[in-house]
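Working notes for the structure below.
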Amino acid sequence: MFESLHALPADPILGLSVAYQKDGNPNKVDLGVGVYKTETGETPIMKAVALAQRQRIDTETTKTYVSSAGDAGFNDKLAKLVFGAENPVLARQCTVTTPGGTGALRMAAELIKRCHPGATVWVTNPTWANHTALFQDAGLVVKSYRYFDKDNSCVDFAGMMEALKAIPKGDVVLLHACCHNPSGADLSQEQWKAFAELAKEKGFTPLLDMAYQGFGVGLEEDAFGPRYLAETLPELLLTTSGSKNFGMYRERVGALTMVAENGTRAEILSSVIQNVARCIYSMPPVHGAAIIDIILGSNELSALWQQELAEMRGRIHDLRALLVEKLHARQDQKDFSFITRQYGMFSFLGISPEQVRRLKEEFSVYMVDSSRMNLAGINHQNADYLADAIVKVL
Ligand code: LMR
């Protein structure tokens, strides 16, 4: 049976980490996979997470099964984190724990197939490198719509709205709730409102991928899109991840939230999605979800977590300014100031795949072929080396 298979190339993002690890150059710079790093290049466990984990280990009394919906406390608190604790939307939504944000996306794909097997999923052009593969692998058709204006390094909102006008009822439009991956270019509040109007008029269903709540402007501000859409539209799908804002990458904790027209429909969705989970992994891992449940349920740990998240956000913001300053001090051929107007971990540097290849081969600087950089990989030790290398390939 296996003889029909051929080896596949490494994943365009995850493969970079492997290549970086093997590189012996002491000056190597890792701007590849979207993982937060400190000034010394480490990804430590957040203090709030370490404390909650200790508490969990000390108080956990059983490892028996949970339900296919995962950790009920986590599901409840996560929905409140996204929508706000008093939001009436909470009464017509259902949130389930999933194995990471990627697992949430796959669950969304399976749900879409059960509702409407012929649906097309429309993704931003460009989008996270795994979106297209993931939905196609689930058997859905994937197409892209205009999103990023490469010439001006911002959202091509007019182009996006024009493209979305042609999308029929029953299709799904995937948008990044904040910190667009890979461009860092987000919608303004006015643009979210206009998008909601269009979704209402055309009848397509938005699917918001929110992997970076708290990395853009702030926890509340980053949730504007999901809140506005949930409040104004009858239906919405939302995927979240605890990988980045809780730094729990390897614990695989995420959630799928389904907002329905009313509470009765939300209950139906709950039963269907649990059936989907049962057929794939039966029930999700809950160690990470239980830790987040403890943090969000404690005023003290929540405050500590929010402070740590604000520090990460602030540091990336400062690194954006640092890189632009270093690049502008070395050349005046290209204006890189757009990097400081974008949000989250990523920006496109705006160079060709050939220049990206040269950065890797000649300078051991690693970024995705599209020239997506993880800004968190910059620090005060490598910024000059990085800027010199970039200027040399320009
Ligand atoms: C990224 O975009 O680098 C991260 O979301 C990690 C991943 O799984 O691709």
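The values are calculated or read from the model by the stated rules, or taken from the named source; none is laboratory data. Everything quoted here is computed from the prediction, not taken from an experiment. So basically every Cβ, Gly included, is an ideal-geometry build from the backbone, and we count neighbours across all protein chains shown. Ligands, DNA and RNA are excluded from the accessible area calculation, which covers all protein heavy atoms including side chains. Shrake-Rupley method; radii C 1.70, N 1.55, O 1.52, S 1.80 Å.
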Quick query: amide H of Val365 versus all other amide H atoms, modeled in the peptide plane; which residues come in under 5 Å with a sequence gap of 5 or more or a different chain? Val29, Lys360
What lysines does Lys47 reach when the alpha-carbon gap must be under 21 Å and sequence neighbours fewer than 8 apart in one chain are set aside? Lys37, Lys77, Lys244
Quick check: the distance between the Cα centres of the stretch 113-139 and the stretch 29-58, to the nearest angstrom? 31
Between their Cα atoms, which of Lys143/Lys200; Lys193/Lys334; Lys143/Lys193; Lys28/Lys143 are more than 26 Å away from each other? Lys193/Lys334; Lys28/Lys143
Rounded to two decimals, the Debye log10 I(q)/I(0) of the chain (Cα scatterers, no solvent) at q = 0.08, 0.11, 0.12 Å⁻¹ is -0.42, -0.81, -0.97
In the calculated pair distance distribution of the stretch 259-377, what percentage of Cα-Cα distances lie above 22 Å? 61
Proximal aspartates and glutamates relative to Lys360, as straight alpha-carbon distance under 14 Å, when same-chain residues fewer than 8 apart are discounted: Asp23, Asp30, Asp369, Asp388
If you take the beta carbon distance between Glu354 and Cys154 as r and set R0 to 25 Å, what does 1/(1 + (r/R0)^6) give as a FRET efficiency, to the nearest 0.05? 0.50
Net charge over other residues, Cβ less than 14 angstrom from the Cβ of Val272 (K, R count +1; D, E count -1): +1
Measure off, as a whole percent, the carbon and sulfur share of the 1.4 Å-probe accessible area of the chain, all protein chains present. 52
What does DSSP give for the stretch 65-297 in terms of the percent of beta bridges that are antiparallel, rounded to the nearest 5? 50
For the stretch 65-297, just run the numbers: alpha carbon Rg, then divide by 2.2 N^0.38 Å, N being how many residues it has. 0.93
